1. In a strand (DSSP E or B) and closer than 17 Å to G97 by Cβ - does that describe any residue in segment 144-158?
2. Against the definition (of a type outside the set (A, V, I, L, M), exposed (fewer than 11 other Cβ atoms within 10 Å of the Cβ) and closer than 30 Å to D74 by Cα), how does E143 come out, yes or no?
3. Filter segment 94-127 down to residues that are loosely packed, with under 11 Cβ neighbours inside 10 Å and part of a strand (DSSP E or B), then give me how many there are.
4. Kindly indicate whether any position in segment 128-139 is assigned to a strand (DSSP E or B), modelled with pLDDT of 95 or more, surrounded by 15 or more Cβ atoms within 10 Å (Cβ to Cβ) and of a type outside the set (S, T, N, Q).
5. Could you check segment 112-162 and list, in sequence order, the residues that are without any contact (Cβ under 8 Å) to a residue 40 or more places away in the chain and hydroxyl-bearing (S, T, Y)?
Amino acid sequence: MKNLKTMNEQYEHSCMNAEKVARKSQIRRVFRSLTAGLFLTYLLAACLLFSSCVHCKDAGWREYKVFCGMSFKDGEVTEADWRRFCDEHVTTVFPDGYTSFEANGYWKGSAATTERENSRVLIIVAPADAKDKVLSIAKQYREQFQQEAVLVVTSKGEATFVDEGK
């Protein structure tokens, strides 16, 4: 009887050990699954982050805005001056087109107060590698019309022509 009791205790003890081992094994599987899941999540996030950066670098189009003040030391840039500048410096570089419109600019240059100035804004939608051309136009305007500064804003973008073919 004592043998039976000992065997029964050993059996229960081995069952408890088997349950502990099974529980530990299950915990390990869950931990591995969670670890693998977190790793894959981080990997996916990294891929998305880097792929979007690569996409941004390869994006084909930029929108360039050039803000040109119309006042200078000796007076104002006339409409004829503006048209001549666009014909000679903008149209020759971007013959496919651009947009120009009047604006009221406010800025604080070397003066201590914010000043209002009649302005023109050029919007040029062009390939991403056209930035140097746009900066060259801004520099030419600054020098030709004695501007303290010319602002150039570059934005990433998409461009689609909606014409008869589409």
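1. The answer is yes, given that some residue of segment 144-158 is in a strand (DSSP E or B) and closer than 17 Å to G97 by Cβ.
2. Judged against the criteria, E143 is a match.
3. 5
4. Within segment 128-139 (the criterion being assigned to a strand (DSSP E or B), modelled with pLDDT of 95 or more, surrounded by 15 or more Cβ atoms within 10 Å (Cβ to Cβ) and of a type outside the set (S, T, N, Q)), the answer is no, since none of the residues qualifies.
5. Residues satisfying the conditions are T113, T114, T160.
The values are calculated or read from the model by the stated rules, or taken from the named source; none is laboratory data. Model, not experiment: these values are computed from the prediction. No Cβ is skipped: glycine too gets one built from the backbone with ideal geometry, and neighbour counts run over all protein chains shown.
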